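For reference, the structure is listed below as C-alpha cells.
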Amino acid sequence: MKQTLMGNDAIALGMIHSNIDMVSGYPGTPSSEILTNVQKLKAQLKLDLYAQWATNEKVGFEVAYAGAIAGRRAAATMKQVGLNVASDPLMSAAYIGNLGAFVLIVADDPGFHSSQTEQDSRVFAKFAKIPVLDPATPQDAYDFVSLAVDISEKFQTPTMLRPVMRVCHARQIVEVKENHEFNPKKGKFQREISRWAAVPRAGRLRQGYEMIDRINAIKEYNWEELIKPEFEACKGGKLLVLTSGTGYGFAKEALEDLGIKADIVKFKMPYPLPENKIREQFANYEHILVVEEPMACIEEQIMASNVHGRLDNTMNVIDELQKIYIQDALTKLGLYKGENLYPSIPFKDEIPARPPNLCPGCPHRDVYYSIMKVFKKKKSIYPSDIGCYTLAINQEAIDTVLCMGASVSMASGFSIADPEKYTVATIGDSTFFHGGIPPLINAVYQKHKFLLVILDNSVVAMTGRQKPPQRQNGEVDIVKIAEGCGAETYEYVYSNDLNDTISFFKKMKEKYENATGPIVAVVREFCVLDKEVVGQHIHGEFAKVIAEECVACDHCTTIYKCPPMGYNEEGKVEIDPFLCIGCGSCLNVVCPTEAFTVDEERSK
Amino acid sequence: MRYQVVIAGFGGQGSVFLVKILALCAGNKNVACLGTENHGMSQRGGAVSCTIKLGDYSNPIIDPSQADLLIGLEKNEALRNINYLKPSGTLAVNAEDSFPKDDVSAKVIQIDAFTKAKNREFPIQGLNVYMLGVVLAKCEDFPFTLEDVKEALVQFNPKVAQENIEVLEKAIEDIKGK
Ligand code: SF4
Ligand code: SF4
C-alpha cells in the first residue's frame with residue numbers, strides 16, 4: 001500500500017509494523033515527531049503499547065533497554081546531541097546486549113539546522129561497537145526499522161538507526177505493509193546475574209570478547225546479505241563511489257547531472273564494514289570516492305591509497321552535503337572538466353536577515369525584559385539554556401548557552417569566578433527536569449549564590465509542544481522540587497501587566513542581596529501556541545503607536561523586540577496587524593514616551 | 001517527468017502546508033516525489049524554505065540554479081532564494097509593485113496578496129493557498145491542474161477544504177485580469 005509520508009512518520013509506522021511495543025525518548029529536532037507519531041498510531045489503532053516521553057535521553061534509553069533485556073521489542077528515540085546524554089548506558093549496553101530487540105533511533109543534523117553541533121552518530125555507533133543502519137529516504141527509513149529489529153534480535157545487540165534531518169523531514173510516497181496485525185511480545189525477565197549485572201573485571205572482560213566476536217559476525221552478515229549483491233552489480237572502471245544514507249541521493253543525482261558513469265555502492269549498514277573484502281574490490285577502479293555526511297565514518301574504515309573523501313579534503317569537511325561538493329571532488333580527481341552546473345548567483349543587493357524571534361505575546365519576552373531592567377546588563381552575568389527562551393539572545397539577555405542543564409552549573413561557576421556581579425540563570429521547565437536538578441543540588445550544598453529563574457510554560461515548546469511531566473497529572477511540582485533540593489524558592493504567576501513582572505524581580509533582587517545560597521524563582525507561564533491554554537491568557541488587547549509621540553528611540557525594537565514592532569517609511573514605529581496577537585503586554589512600560597496606546601478599534 | 005519547486009517564506013506562513021498539498025497531488029497522480037521541510041524555527045518568524053522534487057529523484061535538496069519554480073510567500077524570502085531558480089524558471093511572488101522584477105532573469109508572476117488580505121479580500125491564513133492559485137493560473141509548465149489541487153485540499157482536511165478552495169479560486173480570478 002502506498003502512503004505519502006514524512007520520514008519520521010515512516011519510522012513510527014515501521015516500528016508498529018515490526019511489533020515494537022516499548023518506545024521511550026526525549027524530544028529534539030529532527031527526531032521529535034517519531035515518538036509523537038507512535039503515540040498517534042497507538043490512539044488511532046487502539047494498540048497496546050508503551051510510548052512515552054522520558055525526562056531525558058539517558059532515562060529514555062534505560063527504560064526501553066530494560067524492555068529489550070526482558071525480551072520485548074523496544075526502541076529509544078533522540079537527536080544526536082541527546083545521544084551524548086545517553087552515551088553512558090549505551091557503552092555498557094553494547095557489552096551486555098539484549099534478548100529481545102533494542103533499536104536506538106538517533107537523528108543527526110548535518111548542517112546545524114537546529115543543533116549546537118554536527119556530530120555523526122554513526123561514529124558513535126562505531127565507538128560503542130554496535131551496528132548502525134543509515135537510511136537515505138523515508139522509504140529506507142520505513143524498511144530499515146524492521147531490518148534493525150532483525151539484526152538486533154539475531155545478534156542480541158543494540159542496533160542503531162541513524163536518519164539525518166533530510167530523511168526525518170523529507171516527504172515521499174512510501175510503500176508500506178497492508179493489514180498488519182500488531183503482535184507484541186510478552187516480556188519475561190530471565191535472571192542471569194553474570195550477564196545483566198556483570199561487574200569488572202572478569203565479567204566485563206568476557207563480555208568484551210563476546211562483543212568483538214559479535215561485531216565480526218555482523219561484518220560477515222553485512223558482506224553476505226547487504227554488500228555483496230551491490231558489488232555483484234558493479235562493472236569496474238574509472239570511478240567507484242562508496243556511500244550511505246543521504247550521500248547516495250547526492251552522489252546518484254550529481255553523477256547523472258554531470259554525465260559521469262561510475263559504480264555506486266550504497267552501504268545500508270556503514271558500520272561494521274568488512275573492510276578487507278571491500279578493499280579487494282578496489283583493484284577494479286582507478287579512484288574510490290566516499291560520499292557521506294557529516295563525518296568520515298566509512299572512509300576511516302576502508303582507508304587505502306586510492307580512496308578519497310573528507311580525510312584528504314577531496315570532499316567538504318563540515319556542513320551539509322551539496323552536489324557542488326561532488327562536482328568539485330570529481331574536478332579535483334580529473335574526472336570532470338565541464339562547466340559548473342550549480343552556480344549560485346545571489347540577489348545583487350543585500351537582503352535583511354530574518355532571525356527567529358520569540359513569538360508575539362510570549363511571556364518569556366516580558367520575563368527577560370524585566371530581568372534586564374532590574375539586574376542591568378553590565379552588572380550581571382546571564383547563563384541560559386536550550387529551548388525557545390534561548391531566542392532572548394536577540395534581546396541581548398543571554399550570555400552563555402552550552403548544553404541541556406548547563407545554565408545551573410555554569411551559574412555556580414560564574415558565582416565563584418566573578419562574585420562582584422549578579423548571576424541570573426534562566427532555564428525552561430523541561431530542561432530543568434532533563435539536566436537542571438543535579439546541578440541545583442550541587443549549588444545548594446556548596447552554597448553558590450545566584451538567582452535561577454525557571455520559566456515554566458508547561459510545554460516543550462521548541463520541539464513541537466510535547467507535554468512535560470508536570471502536565472500529565474499534578475504530581476510533579478517544580479516548586480516542591482526546588483524546595484526539596486534545599487533552595488530558597490519563590491513563585492510568580494505571570495501577568496500581562498509588565499509592571500507586575502518588574503516588581504517581582506525587584507523583590508528577587510532584594511532577596512538576592514541577603515541570600516547565602518541559590519534562590520529559585522519559578523515563573524508560571526504559558527506558550528501562545530499552546531491551544532489548550534492560550535485563550536485564558538490572551539485577551540485581545542491590541543496596541544497601536546501614536547505617531548506624534550514616537551521619537552524613534554529604538555527601545556521597543558531592540559530591547560523589548562516584539563516581532564510586530566518596526567519602523568515605517570516615516571521613521572515612526574508601527575505595529576504590524578498581521579503579527580500582533582493582542583497580548584497587551586507592551587502597553588504600559590515598554591515605551592519611554594508612552595507612545596503605545598490601546599487600539600480601541602481592534603480590541604473590541 | 002522532472003520538476004523542482006522551492007517554497008520560501010517565514011515562520012507561520014505555511015510553506016510546509018504547501019509541500020504537503022503538492023506531495024498529495026503527486027501521490028494521486030502516481031508521480032514519485034521527494035520533498036524536505038525545515039522544522040524547529042519554523043514557527044518563530046525565522047526564514048523557512050521547503051522543497052519538493054517531482055519525478056525520479058533520489059535526494060530531496062534542490063541545488064542552486066536547478067529549480068523550475070520558486071513560490072515566494074514574501075518578497076525578501078523570494079529574493080533570498082532566487083539563486084535556486086533556473087534562469088528559465090518561474091518565480092511566483094507576493095510583493096508590492098516595487099518588486100525588482102528587472103533584476104531577476106526568470107519569468108516573474110507578481111501579485112500583492114498582503115494588501116488584498118489587509119483589505120479582507122481573503123483570510124491572511126490563506127496566503128499560501130492564494131499563491132498556489134496564482135501559480136495554477138499563470139505558470140504554464142506547472143504539472144498539476146486546479147482539479148488536482150482541489151482534490152488534495154479535500155483529502156488533507158475536508159473541514160476547511162471549501163474555504164481553501166475559495167481562496168484558490170479568488171487568486172485565479174485576481175491574477176487573470178493582470
Ligand atoms: S513557541 Fe511558545 S514558548 Fe516558544 S517563543 Fe513561541 S510562545 Fe514562546
Ligand atoms: S500587543 Fe504588543 S507585545 Fe503584544 S503581541 Fe502585540 S505588539 Fe507584541
message = Take the residue pairs A:Lys2/A:Lys228; A:Lys572/A:Lys604; A:Lys58/A:Lys219; A:Lys2/A:Lys277 and return only those whose Cα atoms are more than 31 Å apart.
response = A:Lys2/A:Lys277
note = Of the residues A:Ser146, A:Trp196, A:Ser115, the Cα lying farthest along the dipole of the range A:2-197 towards its positive end, which is defined by charges on the beta carbon of Lys, Arg, Asp and Glu, belongs to A:Trp196
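What are the equivalent ellipsoid semi-axes of the protein assembly as shown, built from the alpha-carbon gyration tensor (square roots of five times its eigenvalues), in whole angstrom, biggest first? It would help to have the intermediate numbers written out before the result.
Numbers: eigenvalues 364, 284, 117 Å².
For the protein assembly as shown, the semi-axes come out at 43, 38, 24 Å.
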Sequence-distant residues sharing a close amide H with A:Tyr336 (under 5 Å, placed H) = A:Thr331
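Suppose the chain between A:Ile416 and A:Ser503 were pulled fully straight at 0.36 nm per residue; how much longer would it get relative to their current alpha carbon spacing?
Numbers: separation 87, 0.36 × 87 = 31.32 nm, distance 2.77 nm.
Working it through step by step, the gained length comes to 28.5 nm.
Given an 8 Å cut-off on Cα distances and at least 6 residues of separation, report the relative contact order of the range A:2-197 as a percent. Present the calculation step by step, with values, prior to reporting the outcome.
On the way: 451 pairs, mean separation 58.7, N = 196.
Relative CO of the range A:2-197 lands at 30 percent.
May I ask for the net charge around A:Glu532, where only other residues with Cβ less than 13 Å from the Cβ of A:Glu532 are counted and Lys, Arg are +1 while Asp, Glu are -1?
Net of charged neighbours comes to +3.
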request  = Provide the per-residue ³J(HN,Hα) series for the range A:597-603, in order, calculated from phi with Karplus coefficients 6.51, -1.76, 1.60 and θ = phi - 60°, each as a whole number of Hz, with x at glycine and proline positions.
outcome  = 9, 5, 7, 4, 4, 6, 7
query = What's the center-to-center distance, using Cα atoms, between the range A:29-68 and the range A:292-323 in Å?
reply = 34 Å
query = By how many degrees, 0 to 90 and rounded to 10, does the Cα axis of helix A:406-417 deviate from the longest principal axis of chain A?
reply = 60 degrees
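Please identify the trypsin sites (Lys or Arg not before Pro) of the range A:248-334 that satisfy two criteria: DSSP loop assignment and at most 13 other Cβ atoms within 10 Å. Which are they? The partial results should precede the final answer.
On the way: sites: A:Lys252, A:Lys261, A:Lys266, A:Lys268, A:Lys277, A:Arg279, A:Arg310, A:Lys323, A:Lys332; in loops: A:Lys261, A:Lys268, A:Arg310.
Sparse-neighbourhood loop trypsin sites (Lys or Arg not before Pro): A:Lys261.
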inquiry  = At 1.4 Å probe size, with the rest of the protein present, what percent of the exposed accessible area of chain A is carbon and sulfur atoms?
reply    = 52 percent
key: Sum of side-chain charges, A:Met1 neighbourhood, beta-carbon under 15 Å (Lys, Arg +1; Asp, Glu -1)   = -3
ask   = Using Cα pairs under 8 angstrom and six or more residues apart, how large is the relative contact order of the range A:363-527, in percent?
value = 26 percent
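So, with a 1.4 angstrom probe, what is the percent of accessible area on the range B:2-177 that is carbon and sulfur?
Working: 3050 of 6590 Å².
Result for the range B:2-177: 46 percent of the exposed heavy-atom area is carbon or sulfur.
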ask   = Which one of A:Gly187, A:Pro163, A:Thr463 is farthest out on the positive end of the charge dipole of chain A, using unit charges on Cβ (Lys, Arg +1; Asp, Glu -1) and the Cα centre as origin?
value = A:Gly187
task = Would you work out which of A:Leu335, A:Ile130, A:Ile502 lies farthest towards the positive end of the dipole of the protein assembly as shown, given +1 charges on the beta-carbon of Lys and Arg and -1 on that of Asp and Glu, about the Cα centre?
result = A:Ile130
task = Rounded to the nearest 500, what is the 222 nm mean residue ellipticity of chain A from helices alone, with -39500 (n - 2.57) per DSSP H run of 4+ residues and division by all residues?
result = -10500 deg cm²/dmol
query = Using a basic spin-label model with each label point 7 Å from the Cα along Cα→Cβ, how many nm lie between A:Phe112 and A:Glu224?
reply = 4.5 nm
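Counting other C-beta atoms within 10 Å, and keeping those with at most 15, which DSSP coil GluC sites (Glu not before Pro) do you find in the range B:42-111?
On the way: sites: B:Glu74, B:Glu77, B:Glu96; in loops: B:Glu74, B:Glu96.
Answer by residue number: B:Glu96.
Which of the trypsin sites (Lys or Arg not before Pro) found in the range A:480-584 are in a DSSP loop and have at most 13 neighbouring Cβ atoms, other than their own, within 10 Å? Mind showing how you got there, number by number?
Values: sites: A:Lys480, A:Lys506, A:Lys507, A:Lys509, A:Lys511, A:Arg524, A:Lys531, A:Lys544, A:Lys561, A:Lys572; in loops: A:Lys531, A:Lys561, A:Lys572.
Passing sites in the range A:480-584 are A:Lys531.
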note = Shape call for the range A:169-260, from the Cα gyration tensor axes a ≥ b ≥ c (a/c under 1.5 means rounded, otherwise prolate when a/b beats b/c, else oblate), comes out oblate
key: Accessible area buried between chains A and B, both sides summed, probe 1.4 Å, in Å² to nearest 100   = 3900 Å²
request  = In whole Hz, with x marking every Gly and Pro, tabulate ³J(HN,Hα) for the range A:331-345 from phi via Karplus 6.51 cos²θ - 1.76 cosθ + 1.60, θ = phi - 60°.
outcome  = 5, 4, 7, x, 9, 10, 10, x, 7, 6, 7, 10, x, 9, 10
inquiry  = Taking the 0 to 90 degree range and rounding to the nearest ten, how far is the long axis of helix A:7-17 tilted relative to the main principal axis of chain A, both from C-alpha atoms?
reply    = 60 degrees
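Run through the DSSP bridge list for chain B and note the antiparallel percent, rounded to the nearest 5.
Details: 13 of 27 bridges.
Roughly 50 percent of the DSSP beta bridges within chain B come out antiparallel.
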inquiry  = Just to be sure I understand the interface: list residues from the range A:1-39 that lose 10 Å² or more of accessible area between the chain on its own and the complete protein assembly, 1.4 Å probe.
reply    = A:Lys2, A:Thr4, A:Met6, A:Thr29, A:Glu33
key: For the protein assembly as shown: accessible area per residue (Å², 1.4 Å)   = 41 Å²
task = Would you please state which residues of the range B:61-89 a label at B:Lys101 would reach in this model, taking the label point 7 Å out along Cα→Cβ and a backbone N cut-off of under 20 Å?
result = B:69-83, B:85-89
query = In whole Å, how far is the Cα centre of the range A:324-392 from that of the range A:575-604?
reply = 28 Å
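Given chain B, report the % of alpha carbon pairs whose separation exceeds 19 Å. Write down the numbers at each step before the final one.
On the way: 8374 of 15753 pairs.
Cα-Cα pairs in chain B separated by more than 19 Å: 53 percent.
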ask   = Could you give the nm distance between label points at A:Lys572 and A:Asn284, where each point is 7 Å from its Cα heading toward the beta carbon?
value = 7.6 nm
key: Unit charges on C-beta of K, R, D, E only; dipole of the range A:433-584, Debye   = 680 debye
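When the convex hull of the C-alpha atoms of the range A:539-603 is computed, what volume per residue in Å³ does it have? List each step's numbers first, then the result.
Values: hull volume 5.2 nm³, N = 65.
Per-residue hull volume (Cα only) is 80 Å³.
Which value, in debye to the nearest 20, gives the size of the charge dipole of chain B about its Cα centre, when Lys and Arg are +1 and Asp and Glu are -1 at the Cβ? Don't jump to the answer; show the numbers that get you there.
Numbers: 19 positive and 22 negative charges, 46 e Å.
Once rounded to the nearest 20, the dipole reads 220 debye.
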ask   = Taking N as the number of residues in the range A:153-223, what is its Cα Rg relative to 2.2 N^0.38 Å?
value = 1.65
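So what is the relative contact order of the range A:280-329, in percent, for Cα pairs below 8 Å that sit 6 or more residues apart?
Details: 53 pairs, mean separation 16.2, N = 50.
For the range A:280-329, the relative contact order is 32 percent.
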Vicinal HN-Hα couplings computed from phi for the range A:375-381 (Karplus, 6.51 cos²θ - 1.76 cosθ + 1.60; Hz; Gly/Pro x) = 8, 6, 5, 6, 8, 9, 10
ask   = What is the Cα coordinate range of the range A:2-197 on the first, second and third principal axes, sorted by size from largest, in whole angstrom?
value = 46, 40, 28
ask   = Where the centre of each part is set by its Cα atoms, how far does the range A:135-158 sit from the range A:433-490, in angstrom?
value = 37 Å
query = What residues does the range A:158-197 have that are buried by at least 20 Å² of accessible area in the full protein assembly compared to the chain on its own, 1.4 angstrom probe?
reply = A:Met165, A:Arg166, A:His169, A:Ala170, A:Arg171, A:Gln172, A:Ile173
key: Long-range HN-HN contacts of A:Ala54 with modeled amide H, under 5 Å   = A:Gly25, A:Tyr26
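How large is the convex hull of the C-alpha atoms of the range A:369-413 per residue, in Å³? Don't jump to the answer; show the numbers that get you there.
Working: hull volume 3.2 nm³, N = 45.
Output value, Cα hull per residue: 71 Å³.
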task = Mind listing, in residue-number order, the residues in the range A:238-252 that have at least 30 Å² less accessible area with every protein chain present than in their own chain alone (1.4 Å probe)?
result = A:Gly249, A:Phe250
message = If the only charges are +1 at each Lys and Arg Cβ and -1 at each Asp and Glu Cβ, what is the size of the charge dipole of the range A:352-391 around the Cα centre, to the nearest 20 debye?
response = 300 debye
message = How tilted is helix A:138-155 with respect to the longest principal axis of chain A? Cα atoms for both, answer in degrees (0 to 90, nearest 10).
response = 70 degrees
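The values are calculated or read from the model by the stated rules, or taken from the named source; none is laboratory data. All values reported here derive from a predicted model rather than from experimental measurement. Cβ: placed from backbone, ideal geometry, glycine included. Neighbour counts: every protein chain shown. Just the protein is used for accessible areas: all its heavy atoms, side chains included, with ligands, DNA and RNA removed. Shrake-Rupley method; radii C 1.70, N 1.55, O 1.52, S 1.80 Å.
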